[in-house]
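To start, the structure under review is shown below, and the notes come after it.
The values are calculated or read from the model by the stated rules, or taken from the named source; none is laboratory data. Worth saying up front: this structure is predicted, and the values here are computed from it rather than measured. FYI the Cβ positions are ideal-geometry reconstructions off the backbone, even for glycines, and counts take in every protein chain you see. To get the accessible areas, we keep the full protein, side chains included, count just its heavy atoms, and leave off ligands, DNA and RNA. Shrake-Rupley method; radii C 1.70, N 1.55, O 1.52, S 1.80 Å.
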Amino acid sequence: MKRIFEKIGLLTHQVNLGEVIVETEISRELQEKLEQKLEEHGFAIALSTDEKLTVDIQRLLVSYLHEYLMAKEKALTISNYLSAQLNKSYKLLSTVFKQVTGIAIERYFIKLKVEKAKELLILNEIDIAEIAWLLGYSSSQNFSTYFKRETGKTPLEYKNDPIPERIHLPSLIPKNFKQ
């Protein structure tokens, strides 16, 4: 992301998932160039309040995946985490996310977990049962069911695939929503 901004002459102060802070004002001409470059890479600028909130939700879900599930801290639910982080009711967050993206937060989070599972399967450092436990599934069978539903393969079939397919995180949202 930083390279895209720098390529058109914008210096970035900070780059986070779903957010870029630039050092100077962006002229209309630069904004148009930026929008074009971002679109070439499958991104767009979130302008509406609902779009910004949706990007925040996506960013927080990735953080939740790593900070809570992968850290074996299972006490905080997604709904409580998002509500606390964004200081809004989960019902509102869920409604906005679904309206903007066409997909429910829970469904999106399952897709995130499957992509994390793919990463862990490719690394081949832990077994399938431990991956299931890390990702918050009640059993390896439950995990395998969700994994196969999303990928068309069992975790073992995916693990043994010589060229395993991965999905870039922004592609988890349907094409009608650009971020």
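Tell me which helices (runs of 4 or more DSSP H) are completely within the range 126-166 and hold 3 or more residues being farther than 15 Å from Lys111 by Cα, or say none if there are none.
Correct list: 128-134, 155-160.
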Filter result for Lys74 (of a type in the set (Lys, Arg) and modelled with pLDDT of 90 or more): no
For Asn87, the lone unmet condition from (1) in contact with a strand residue (DSSP E or B) (Cβ under 7 Å, 6 or more places away or on another chain); (2) modelled with pLDDT of 75 or more is (1)
Could we say that Asp50 is acidic (Asp, Glu), within 14 Å of the chain's Cα centre (by Cα), over 30 Å from Ile163 (Cβ atoms) and open to solvent by 30 Å² or more (accessible area, probe 1.4 Å) here? no
Note on the range 93-113: residues over 11 Å from the mean Cα position of the chain (by Cα) and assigned to a helix (DSSP H, G or I) are Leu93, Ser94, Thr95, Val96, Phe97, Lys98, Gln99, Val100, Thr101, Glu106, Arg107
Within the range 155-176, does at least one residue satisfy the condition of being among the hydroxyl-bearing types (Ser, Thr, Tyr), over 30 Å from Ser48 (Cβ atoms) and at pLDDT 90 or above? yes
Boolean, Ile57 is in contact with a helix residue (DSSP H, G or I) (Cβ under 8 Å, 6 or more places away or on another chain), closer than 20 Å to Phe147 by Cα and either crowded, with 17+ Cβ neighbours inside 10 Å or modelled with pLDDT of 90 or more (or both): no
Residues that are open to solvent by less than 30 Å² (accessible area, probe 1.4 Å), in contact with a Lys or Arg (Cβ under 9 Å, 6 or more places away or on another chain) and over 18 Å from Ile78 (Cα atoms), drawn from the range 97-135: Lys118, Leu121, Ile131
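Considering only the range 1-36, state which residues are in a helix (DSSP H, G or I) and either open to solvent by 50 Å² or more (accessible area, probe 1.4 Å) or touching a strand residue (DSSP E or B) at 6+ places or on another chain (Cβ under 8 Å) (or both).
Of all residues in the range 1-36, those in a helix (DSSP H, G or I) come to 2-7, 28-36.
Lys2, Arg3, Phe5, Glu6, Lys7, Arg28, Glu29, Glu32, Lys33, Glu35, Gln36, listed by residue number.
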Hey, can you tell me all the residues within the range 84-117 that are polar (S, T, N, Q) and more than 19 Å from Glu150 (Cβ to Cβ)? Gln85, Asn87, Ser89, Ser94, Thr95, Gln99
